[in-house]
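First comes the structure, then the notes that go with it.
The values are calculated or read from the model by the stated rules, or taken from the named source; none is laboratory data. Note that the coordinates shown come from a computational prediction; the quantities given were computed from them, not determined experimentally. FYI the Cβ positions are ideal-geometry reconstructions off the backbone, even for glycines, and counts take in every protein chain you see.
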Amino acid sequence: MTENNNQQQSIISCQLINKSYGNIQALKNLSFDVNWGEIYGIIGPDGAGKTTLFRILTTLMLADSGTATVDGLDVVKDYSKIRNIIGYMPGKFSLYQDLTIEENLKFFATVFHTTIEENYHLIEDIYRQIEPFKHRRAGKLSGGMKQKLALCCALIHKPTALFLDEPTTGVDPVSRKEFWEMLMKLKAQGITILVSTPYMDEATLCDRIALILNGEFMQVDAPQNIIAGFPEVLWSVQTNNMHSLLKDLRKHHSVKTSFSFGETFHITVENGFAFEELNVFLKNNGHSDIEIQSIQPTVEDCFMQLTINNE
């Protein structure tokens, strides 16, 4: 850790980061700062640029242009120092499949010149859940257990910042919930966490989020502020004929947008448009069992709205 960390407001700082793969620009002039001790979420779909950004910040890839620092250290000039103060969980499970849980953890502790015992307090709550299987090879673990082991290995050297690239992708809902509970405990211990996810429901668990699409941040703010700023009238609609409902909704001149959300469709409508008008329209188009409700937006609603505004 650098000596001036108490004077720094941000632990991670990016300025005008660009990265291209051939003709495809993965990141476009990204600038942002992550404050000490916060959980900062990069929220967006596959292909949005999340993994490329994480690889640049963890010194595994060079940006085409721009600068980035972690704890005041430059990701290019000071890459070896940065690797000693960060923890990184890539999106793909990358531990040694033929080593056991215990062997993987000992190996990573040794790489960082520490021991499991020295920093056991950091991983205790997590490790206790997988300790009964400590002699099982990592390749034989379930998705949730692999996730816990990878987090233990990323924490064993007491990192200043933790980089988690889509850590809950492919795991069951219970494991996802448990994982976020663990992150909250780590935050309480003063560890800064930068996490990416395609799951919009996880966004509300972050202190601040950046909504990313096609390599650009569409909006950066606290989740509740993004939701509070949703500018449209939002309804949910459900009928007996969901197959044709979306097509019919998009035919009405007062329906501005229509998207599938689970078992219902979320629509934005013109001001002054009434439930009864839509109800009559849908009945005339062969629908019955019509349910229309005014609802509060989610982060996903905000993301979809920003996507339309950025087209």
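Exactly one condition in (1) surrounded by fewer than 17 Cβ atoms within 10 Å (Cβ to Cβ); (2) modelled with pLDDT of 95 or more; (3) charged (D, E, K, R) is not met by residue 248; state its number.
Looking at each condition in turn, residue 248 falls short on (1).
Quick check on region 268-289. Is at least one of its residues surrounded by 12 or more Cβ atoms within 10 Å (Cβ to Cβ) and under 29 Å from the mean Cα position of the chain (by Cα)?
Taking region 268-289 and keeping what is surrounded by 12 or more Cβ atoms within 10 Å (Cβ to Cβ), we get 268-270, 273, 275, 277-283, 285, 287.
Of the ones still in play, those that are also under 29 Å from the mean Cα position of the chain (by Cα) are 268.
Yes, because at least one residue in region 268-289 is surrounded by 12 or more Cβ atoms within 10 Å (Cβ to Cβ) and under 29 Å from the mean Cα position of the chain (by Cα).
Here is a list of conditions, (1) crowded, with 18+ Cβ neighbours inside 10 Å; (2) not in a helix (DSSP H, G or I), and residue 61 meets all of them except one; can you say which number that is?
(1)
Out of 86, 43, which single residue is at pLDDT 95 or above, of a type in the set (Val, Ile, Thr), in the same structural domain as residue 155 (by TED's automatic domain parsing) and under 27 Å from residue 226 (Cα atoms)?
Unique residue meeting the criteria: 43.
Is it the case that some residue within region 84-100 is touching a Leu at 6+ places or on another chain (Cβ under 8 Å) and farther than 27 Å from residue 223 by Cβ?
Scanning region 84-100 turns up at least one residue that is touching a Leu at 6+ places or on another chain (Cβ under 8 Å) and farther than 27 Å from residue 223 by Cβ.
Looking only at region 16-54, how many residues end up being part of a strand (DSSP E or B), in contact with an Asp or Glu (Cβ under 8 Å, 6 or more places away or on another chain) and of a type in the set (Ser, Thr, Tyr)?
Number of matching residues: 2.
Scan region 145-158 and tell me whether some residue there is among the aliphatic types (A, V, I, L, M) and at pLDDT 95 or above.
Taking every residue of region 145-158 in turn, none turns out to be among the aliphatic types (A, V, I, L, M) and at pLDDT 95 or above.
Here's the yes/no breakdown for (1) outside the structural domain of residue 280 (by TED's automatic domain parsing); (2) hydrophobic (A, V, I, L, M, F, W, C); (3) surrounded by fewer than 16 Cβ atoms within 10 Å (Cβ to Cβ); (4) farther than 29 Å from residue 73 by Cα:
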residue: 159; (1), (2), (3), (4): yes, no, no, no
residue: 166; (1), (2), (3), (4): yes, no, no, no
residue: 176; (1), (2), (3), (4): yes, no, no, yes
residue: 190; (1), (2), (3), (4): yes, no, yes, no
residue: 206; (1), (2), (3), (4): yes, yes, no, no
residue: 211; (1), (2), (3), (4): yes, yes, no, no
residue: 216; (1), (2), (3), (4): yes, no, no, no
residue: 234; (1), (2), (3), (4): no, yes, no, yes
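I'd like to know if region 155-168 contains one or more residues that are free of Cβ contacts under 8 Å to residues at least 24 places away in the same chain, more than 17 Å from residue 51 (Cβ to Cβ) and of a type outside the set (Lys, Arg).
No, the conditions are met nowhere in region 155-168.
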